[in-house]
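Every number here is computed from the coordinates shown, using simple stated rules; none is lab data. None of these values were measured; they are calculated from a predicted model. Positions of Cβ are generated from backbone atoms using ideal geometry, with glycine treated the same way; all protein chains shown enter the neighbour counts.
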Amino acid sequence: MIGKIDYIKEYAKELKLLNLQKKIDEFIEHGENEDLSYQEFLYKILNEEIIAKEERKKQTRLKNAGFPVIKTIEEFDFEFQKSISKRHINRLLEMDWIDKIYNLIFLGPPGVGKTHLAIALGYKAIDMGYKVSFISMDNLVYSLKTQDIMRKSKIKINKIHSSDLVIIDEIGYLPINR
């Protein structure tokens, strides 16, 4: 015989409340142990569901971004690279330039941290809810040239079009011809 918990799990699945579906037993035990009111109990369940959904969305955006590695601003060594102003980078971390549709270009010789900073800004943008695409110039040119004949390239270009932020790496490493 199916109990009410099983029905709740089925309803949660139908409503795509995945966190509730997985943790209903834990929620009920906590609610009983803490003598939560109905409002508090429902609030806790819905609040945790929202948090879990946002985390899943963030993980999806992170996966779709295509970063070769994850880099953060906290990992960047501003002492090693004194020509980069921490104040300017912190200003960029506010991300208002994305909404204003400004372009950023990091110029410099290899090894100064351009890719690290670009990925760190992209990671922060994902954390703030933006869709990000990271691609090397070589892969971008290849995808543009082959989008009409290769499904994978077309999907990649469409993903780039739907992104709020596109990070193109290694621009200077590839001769660009028409």
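Points worth noting:
- Gained length - residue 87 relative to residue 72, 0.36 nm times residue gap less alpha-carbon distance: 3.9 nm
- Members of 4/53; 22/124; 16/100; 53/86; 13/71 lying beyond 31 Å, as alpha-carbon distances in this model show: 16/100; 53/86; 13/71
- Backbone HN-Hα couplings from phi across the range 56-61 [Karplus 6.51/-1.76/1.60, Hz, Gly and Pro as x]: 5, 4, 4, 4, 5, 4
- Ranked 164, 127, 96, criterion: other C-beta atoms within 10 Å, fewest first: 96, 127, 164
- When the trypsin sites (Lys or Arg not before Pro) in the range 65-165 are filtered for DSSP coil states and for at most 12 other beta-carbon atoms within 10 Å of their beta-carbon, the remaining sites are 82, 100.
- Taking other C-beta atoms within 10 angstrom as a stand-in for reagent exposure, 98, 51 fall in the order 51, 98, fewest first.
- Candidate aspartates and glutamates for bridging to residue 82, where Cα separation is under 20 Å - those fewer than 8 sequence places away on the same chain excluded: 74
- Placed amide H near residue 164: partners under 5 Å, 5+ positions off or other chain: 131, 132
- Annotation note: GluC sites (Glu not before Pro) in the range 1-71 located in DSSP loop regions with a Cβ neighbour count of at most 16 within 10 Å are 34.
- Karplus-derived 3J(HN,Hα), 6.51/-1.76/1.60, for each residue of the range 71-82, Hz, glycine and proline x: 10, 10, 5, 4, 7, 6, 8, 5, 5, 5, 10, 5
- Residues 150, 95, arranged from fewest to most other Cβ atoms within 10 angstrom of their Cβ, appear as 150, 95.
- Proximity of backbone amide H atoms, modeled 1.01 Å from N, is registered between residue 136 and 169 at under 5 Å, excluding neighbours fewer than 5 places apart on the same chain.
- The phi-based Karplus calculation (6.51 cos²θ - 1.76 cosθ + 1.60; θ = phi - 60°) puts the 3J(HN,Hα) values of the range 132-137 at 10, 10, 10, 8, 7, 4 Hz, whole numbers, x for Gly and Pro.
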